[in-house]
Structures are given as structure tokens and as C-alpha cells.
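The values are calculated or read from the model by the stated rules, or taken from the named source; none is laboratory data. Everything numeric here is computed off the predicted structure, so don't read it as measured data. Cβ: placed from backbone, ideal geometry, glycine included. Neighbour counts: every protein chain shown.
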Ligand code: GLU
């Protein structure tokens, strides 16, 4: 494996997202751009950083071989182009990294891999193992198989979620944009972005010929990253040295700082996960304790449990917490559906006698429970 891989203990984990327009403008792989970026990434690794690359360009790389001259509108055609382009894209990265003795790996993720706790833990372990072995994971969405309603669809948000998954502290988004501008794309770049919501009114849904997202999805990414405790830099991919300068904290592009604490970030992370596997209905007393006192959810306050579908839910899954039909919180359950039903309404001391085992007193521990800001019906 790489003779450049961790001689020094990596001090930082960095996710670098590279847009299609940077490495595959007009649907053709720009090998010179890839060579420049792998040189920069190899140098950053020598400087002690662990790097995860999120690379777009699968669809763009597939266009030419598929005989398509522009980004198809139909999802099945885009998925087919991605199936053709993804191996070309990853081989280009891998052979370029080889010049530095660096091994690259392909990691294809779907939204499910990030939202489902068991799959999340598994994907995280894979990325940890790759980084530990000095390998550079090259991540993309598994475009060719992701269902429309389950796909993230843009690599900006995927890169923020990947940064969270990889435990990165910095996300560098390289695209054709120089950063976030208040007065249109040719205006001055805002160096420090405090209010991401305000910035949404400055940007149009601009996008390049081959890219999917525009500045809007980059702001989404910055917001997700911030809530996961990850700093984001949005900078021009064509300018040399951006990765090193972003890591060094220089004023390149637009920087959005991370939210305060890791515990707060974890709770917001739970709030970001989209599809709960089911719900528990709780009584008023338990609802008050959770909403106003930040309490854990104990079996005593549970009236019943409902799965999202016939698969039910398992320990570790995300579930909604409802009171009188209103979803007020969301969290990771310690007990599976059938077990929650059996211990509902009972005291925690009885759990072991009822189930024959007990993992803990709480059905959802307060650390894994996020009270929703705007509780609502089926929120
Ligand atoms: N996953 C898509 C691709 O590789 C790109 C999505 C994006 O550009 O945001 O082509």
C-alpha cells in the first residue's frame, strides 16, 4: 500500500467534494484536472490529513459513450449514463492517485445507507477501515440503482452527509463557483457565511451544463454540515491550491463555521434523517417530560407502537414520538417493535422480567432524542 500513507497520525479528516464541471466539463473527463487534484490531495495527506473524496461526474462521463450530447432529462437515461460513466470516473481517479503510490477505493452510497442506522454504522466502519489503511475513498451516490424518491440526487448534500458519516471536521466543496456572492456570481465572494438562510435569497438556482446542483444545494450542504459539526468551504475547483489553503484556514472562497457541540450536532443529525421506521404514541405526562425537561422516553409513558411498514422496526432504528396524533420528537429506539409493545405502560424495573433481558431503562435515551422545533401531524 501507499508509502505516503499515515506516517504521521492524521490530525484532520477532510471531505473534498468535486463537481462534474470541474473534472468532466461538457461531458468529457479532464484528466489534467484530475491529476492536479490528486497531487493536491496527496500533498494534503502528507501534511497529516485523511481525505475522503466525493466525486461527481459519473453521469457526465457516461454521456459521450452513450452517444448523448447533453444531460438527459429522463431519470432512466441518467441512471444508464451513470452506470457507464462511474467505472470510467473511478479508474481515472485510481490511476491518477497511483502516481503517488496512493490506493483509491470506490464507495457508492444511497440515501438509505446514511439514514438506516445499521447501514450507517456499516458504511462508517468501511470508511474508517479504508482511511486507517491509507486508502482514499472515492464516494458517489449509487445513481444507477437509486429510486427517484429515495435518491439524494445531488452530490452537494451527499458530501455533507458523507462528511458526517466519515467524522470529518472540514468539507471543501470545489465547483465552478468561487464561493457565495451577495450580488450575483461575478460580485465579491462572502468570506465568512454566518446566516445560511439569509444567503438563500442571494442565489439563483444557477447550475453548470453538466452539474446537478447549483449554489442552492451548496447552501443546503453547508447547513447540513454545520449541524453535523463540520465546517464548510465553498471554493473554485479550477484554482490551484484550494484544498491546502482551505485546510490551512486561509480566506479562500466562502467559509461556513460548524455548530457548537458534538452532542448538539448528533441530535440535529437525528433530526435530519428522513424516514422513521415507525412511531410510538405516548401519554401527556411523558410528552411534557420530553418537551420541557429534556427527559428520556421510558416504557411507562408509552401507549402503543406502530411500524412504518410490515418490516417493523429494530433496536437502533429511528422512530417518531407522538402524543395525541402530533409528532413531537424523533429518536433512536433501544428496543424493537414487538418488545416496545410488550413493555409499553410498564415500569423500567419490569423490563428484564417481561422480555427476559434488558438493555437499558429507556426506550429512547435523551441523548438520542431530538425534540422537533415545529411539531406537527406526521411531521
Ligand atoms: N452523482 C452524480 C454523478 O456522478 C452527480 C450529482 C451532482 O453533480 O451533484 O454524475
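For beta carbons closer than 7 Å, sequence separation of 6+ or different chains, a first residue in the range 351-369 that is free of Cβ contacts under 8 Å to residues at least 12 places away in the same chain and a second that is surrounded by 15 or more Cβ atoms within 10 Å (Cβ to Cβ), the qualifying pairs are 352/358; 358/351.
Which residue pairs have Cβ atoms under 6 Å apart, sit 6 or more places apart or on different chains, and have a first residue in the range 59-79 that is without any contact (Cβ under 8 Å) to a residue 12 or more places away in the chain and a second that is buried (at least 17 other Cβ atoms within 10 Å of the Cβ)? Cβ pairs passing all conditions: 72/78.
Checking 331, 345 one by one, the residue that is at positive phi and either buried (at least 22 other Cβ atoms within 10 Å of the Cβ) or modelled with pLDDT of 90 or more (or both) is 345 and no other.
Is the range 37-45 home to any residue that is modelled with pLDDT under 95, buried (at least 20 other Cβ atoms within 10 Å of the Cβ), within 16 Å of the ligand (Cβ to nearest atom) and part of a helix (DSSP H, G or I)? The answer is no; no qualifying residue exists.
Looking at the structure I just gave you, is residue 50 more than 14 Å from the ligand (Cβ to nearest atom) and either within 19 Å of residue 245 (Cβ to Cβ) or free of Cβ contacts under 8 Å to residues at least 12 places away in the same chain (or both)? For residue 50, the condition - more than 14 Å from the ligand (Cβ to nearest atom) and either within 19 Å of residue 245 (Cβ to Cβ) or free of Cβ contacts under 8 Å to residues at least 12 places away in the same chain (or both) - is met. Is at least one residue of the range 175-192 crowded, with 18+ Cβ neighbours inside 10 Å and without any contact (Cβ under 8 Å) to a residue 40 or more places away in the chain? Yes, that holds for at least one residue. Yes or no: residue 51 buried (at least 19 other Cβ atoms within 10 Å of the Cβ) and not in a helix (DSSP H, G or I)? Yes: the conditions hold for residue 51. Screening 57, 62 for residues that are within 30 Å of residue 228 (Cα to Cα), within 14 Å of the ligand (Cβ to nearest atom) and buried (at least 18 other Cβ atoms within 10 Å of the Cβ) leaves exactly one candidate, 57. Comparison of 295, 305 shows that the only residue that is in a strand (DSSP E or B) and in contact with a helix residue (DSSP H, G or I) (Cβ under 6 Å, 6 or more places away or on another chain) is 305. Of the helices (runs of 4 or more DSSP H) lying entirely inside the range 75-181, those containing at least 2 residues that are closer than 28 Å to residue 254 by Cβ, within 10 Å of the ligand (Cβ to nearest atom) and within 13 Å of the chain's Cα centre (by Cα) are 155-165.
Looking at the range 15-62, which of its residues are more than 15 Å from residue 172 (Cβ to Cβ) and touching a strand residue (DSSP E or B) at 6+ places or on another chain (Cβ under 8 Å)? Once the filter is applied, which keeps residues that are more than 15 Å from residue 172 (Cβ to Cβ) and touching a strand residue (DSSP E or B) at 6+ places or on another chain (Cβ under 8 Å), the range 15-62 yields 21, 48, 57, 58. In the range 319-328, what residues are assigned to a strand (DSSP E or B) and either modelled with pLDDT of 95 or more or surrounded by fewer than 24 Cβ atoms within 10 Å (Cβ to Cβ) (or both)? Matches in the range 319-328: 320, 321, 322, 323, 326, 327, 328.
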